[in-house]
1. Please go through the range 82-108 and give me each residue that is within 12 Å of ASP72 (Cα to Cα) and either in contact with a Pro (Cβ under 8 Å, 6 or more places away or on another chain) or open to solvent by less than 20 Å² (accessible area, probe 1.4 Å) (or both), ordered by number.
2. Quickly run through the range 54-68 and pick out the residues that are under 21 Å from LEU143 (Cα atoms) and either open to solvent by less than 50 Å² (accessible area, probe 1.4 Å) or of a type in the set (Lys, Arg) (or both).
3. Could you say which residue among LEU71, LEU111, LEU75 is modelled with pLDDT of 95 or more, open to solvent by 40 Å² or more (accessible area, probe 1.4 Å) and either in contact with a Leu (Cβ under 8 Å, 6 or more places away or on another chain) or more than 15 Å from ILE15 (Cα to Cα) (or both)?
4. Keeping to the range 61-89, report how many residues are in contact (Cβ under 8 Å) with a residue 12 or more places away in the chain and either of a type in the set (Val, Ile, Thr) or in a loop (DSSP other than H, G, I, E, B) (or both).
5. Select from the range 10-40 the residues that are in a strand (DSSP E or B) and in contact with a Leu (Cβ under 6 Å, 6 or more places away or on another chain) and list them in ascending order.
6. Just to be sure before I move on: is ASP115 over 13 Å from the mean Cα position of the chain (by Cα), free of Cβ contacts under 8 Å to residues at least 24 places away in the same chain and over 17 Å from PRO149 (Cα atoms) in the structure I sent?
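The values are calculated or read from the model by the stated rules, or taken from the named source; none is laboratory data. The structure presented is a predicted model; accordingly, all values stated were derived computationally and were not measured. Note that each Cβ is placed from the backbone with ideal geometry, even for glycine, and that neighbours are counted across all protein chains shown. Ligands, DNA and RNA are stripped out before the accessible areas are found, and what is left, the full protein with its side chains, is counted by its heavy atoms. Shrake-Rupley method; radii C 1.70, N 1.55, O 1.52, S 1.80 Å.
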Amino acid sequence: MADVEVDRWEQVVEILLIEDNEGDVRLTREALKDGRLRNRLNVVYDGEQALAYLRRQAPYEEAVRPDLILLDLNLPRLDGREVLAAIKHDPQLKQIPVCVLTSSRAERDLLRAYDLHANCFITKPVEFEEFMHVVRSIENFWLTIVVLPPKE
């Protein structure tokens, strides 16, 4: 029996946004809304929720494994650095690409993120149009150019 290749333009790409700023969540939704690929943006607002979602713990037992994670560093309850470390040390999660999307411009945050195996580090622009451009660029690169790991 031959393998059936799924057209990547037809499949829904699952994105998990881990972000506590509601304004940035709205902007990200808006930027992804008119994307070339069908995507579903799921959002959690703190680090503890993020790990519960990824591990499919209550109340996220039915959560779908994301194809891509957009992670803010400055989160309540468990910060993004701790979340990133947990993801990259978990054999079930470590292959999911993680894009750090943060307002931090600190070199120590950049170096720490890459030490923890972030797949990229992007500083959020302050201006609306620049923010929209950055999110659309993330979508274009990670969802149309890069071949993502298969879902389990």
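1. VAL83, LEU84, VAL98, CYS99, VAL100, LEU101, THR102, SER104
2. LEU54, ALA63, ARG65, PRO66, ASP67, LEU68, listed by residue number.
3. LEU111
4. Within the range 61-89, residues that are in contact (Cβ under 8 Å) with a residue 12 or more places away in the chain and either of a type in the set (Val, Ile, Thr) or in a loop (DSSP other than H, G, I, E, B) (or both) number 16.
5. VAL13, ILE15, LEU17, ILE18, ASN39, listed by residue number.
6. Here the answer is yes, as ASP115 does meet what is asked.
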